[in-house]
1. Answer yes or no as to whether Thr124 is closer than 26 Å to Leu50 by Cα, β-branched (Val, Ile, Thr), within 10 Å of the ligand (Cβ to nearest atom) and part of a helix (DSSP H, G or I).
2. Going through the stretch 77-99 one residue at a time, which ones are under 25 Å from Asn128 (Cβ atoms), surrounded by 14 or more Cβ atoms within 10 Å (Cβ to Cβ) and touching a residue at least 40 places away in the same chain (Cβ under 8 Å)?
3. Every residue in the stretch 10-31 that is outside any strand (DSSP E or B) and away from the ligand (no atom under 16 Å from the Cβ), please.
4. I'd like the residue in the stretch 32-78 that is among the polar types (S, T, N, Q) and within 13 Å of the ligand (Cβ to nearest atom) and, out of all such residues, is nearest to the chain's Cα centre (by Cα).
5. How about the stretch 128-161: which of its residues are of a type outside the set (Lys, Arg) and in contact with a Gly (Cβ under 6 Å, 6 or more places away or on another chain)?
6. Is there a residue in the stretch 102-110 that is touching a residue at least 40 places away in the same chain (Cβ under 8 Å), β-branched (Val, Ile, Thr) and crowded, with 22+ Cβ neighbours inside 10 Å?
7. Select from the stretch 18-76 the residues that are hydroxyl-bearing (Ser, Thr, Tyr) and in contact with a His (Cβ under 9 Å, 6 or more places away or on another chain) and write down the one among them that is surrounded by the fewest Cβ atoms within 10 Å (Cβ to Cβ).
Amino acid sequence: MNVETKYNIKGYELKDKIILVTGANRGFGHAMTLDLAKAGANVIMLGRDLGSLEAAYDEVVCAGYQEPVLFPFDLEGATPEHYEQLQKDILDNFGHLDGLIHNAGIIGTMMPIEQYDIRLWYSTMQINVNAPFMLTQFLIPVLNKSNDARVLFLSSSVGRSARAYWGAYGVSKFAIEGLSKTLSEELEKTNIKVNSLDPGRMRTEMRRSVYPAENADNNPLPGSKSPAIVYLMSKKSKDLNGEQLTLKV
Ligand SMILES: NC(=O)c1ccc[n+]([C@@H]2O[C@H](COP(=O)([O-])OP(=O)(O)OC[C@H]3O[C@@H](n4cnc5c(N)ncnc54)[C@H](OP(=O)(O)O)[C@@H]3O)[C@@H](O)[C@H]2O)c1
């Protein structure tokens, strides 16, 4: 199902909404943080690099948007105890969670499966699949305390139709599609709506690393697509559940 990227953000349509974004320090996560905060949401910015998280925080505050909260967290090294602490911190500080956006990810490497580096395979699966699984598992009770919650898994076209040499990244996105669909069915009768989203190509570090020779200027900036994330977190999208969404420019 296609979702329009052009969405006119109304000030404060996400007022009082608590939304956690992973990989909020740069790329698409950074762009969506700005737009969510612009719409009045309290964004919990999760990322592993405190310096760039702080820089992104300053941008949000300087723009006059809703002040976010920083949550330094490494999705590769985190154990269930770290997720438990994160759950407790959100409950203690906010009492509930309205949105969980699994945006962080790594590309791994472009390589035939036959030669794929085994350590890099494990890292890619840990960050792109196992971490979203654990984060979701620990945050379902917190999302359950919201009267209208969303879980959004960032996916890719290579997670819907296989492409040679995309290796662990492609396989991880197939897994995320499976996780999204399974969870959406399990939570069907709750207030938590679960969808996956292929954002399409964007001018970010991830895209540059896969296509170093292309003219990056031809790729849309992440900020041109992030207004759609506000729509997907708003009550206007409350009937979407179990969908494989694709952003259309
Ligand atoms: N860009 C595209 O063209 C495109 C196309 C289709 C789908 N997507 C999907 O869109 C999402 C965002 O992509 P992007 O292009 O914005 O990627 P990006 O620019 O490479 O940013 C990736 C983000 O993930 C974070 N991250 C990576 N490993 C982490 C870890 N261990 N712990 C915490 N955070 C970690 C990075 O933090 P650090 O700064 O610390 O590395 C960064 O904030 C991804 O899920 C990607 O698969 C992107």
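1. Spelling it out, Thr124 is indeed closer than 26 Å to Leu50 by Cα, β-branched (Val, Ile, Thr), within 10 Å of the ligand (Cβ to nearest atom) and part of a helix (DSSP H, G or I).
2. Ala78, Tyr83, Leu86, Gln87, Ile90, Leu97, Asp98, Gly99
3. Answer for the stretch 10-31, where residues must be outside any strand (DSSP E or B) and away from the ligand (no atom under 16 Å from the Cβ): Lys10, Gly11, Tyr12, Glu13, Leu14, Lys15, Asp16, Lys17.
4. As a first pass, look at the stretch 32-78 and keep what is among the polar types (S, T, N, Q): 33, 42, 52, 66.
After this cut, where a residue has to be within 13 Å of the ligand (Cβ to nearest atom) as well, the list is 33, 52.
On the way: Thr33: 10, Ser52: 17 Å.
Among those residues, the one meeting the criterion is Thr33.
5. Step one: filter the stretch 128-161 for residues of a type outside the set (Lys, Arg), giving 128-144, 146-149, 151-159, 161.
Hits for the stretch 128-161 are Asn128, Val158.
6. First, pick out the residues of the stretch 102-110 that are touching a residue at least 40 places away in the same chain (Cβ under 8 Å): 102-110.
Still in the running and β-branched (Val, Ile, Thr): 106-107, 109.
Applying the additional criterion that residues be crowded, with 22+ Cβ neighbours inside 10 Å yields none.
So far as the stretch 102-110 goes, no, none of its residues is touching a residue at least 40 places away in the same chain (Cβ under 8 Å), β-branched (Val, Ile, Thr) and crowded, with 22+ Cβ neighbours inside 10 Å.
7. Ser52
So that you can scan it fast, the table gives a plain yes or no per residue for (1) without any contact (Cβ under 8 Å) to a residue 24 or more places away in the chain; (2) farther than 19 Å from Gly105 by Cβ; (3) more than 10 Å from the ligand (Cβ to nearest atom); (4) surrounded by fewer than 19 Cβ atoms within 10 Å (Cβ to Cβ):
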{"site": "Lys189", "(1), (2), (3), (4)": "yes, yes, yes, yes"}
{"site": "Val194", "(1), (2), (3), (4)": "no, no, yes, no"}
{"site": "Ser209", "(1), (2), (3), (4)": "no, no, no, yes"}
{"site": "Asp217", "(1), (2), (3), (4)": "yes, yes, yes, yes"}
{"site": "Leu232", "(1), (2), (3), (4)": "no, no, yes, no"}
{"site": "Lys236", "(1), (2), (3), (4)": "yes, yes, yes, yes"}
{"site": "Leu240", "(1), (2), (3), (4)": "no, yes, yes, yes"}
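Bear in mind that the values in this text are calculations on the coordinates, not laboratory data. This one's a predicted model, so the numbers in the text were calculated from it and none came from an experiment. FYI the Cβ positions are ideal-geometry reconstructions off the backbone, even for glycines, and counts take in every protein chain you see.
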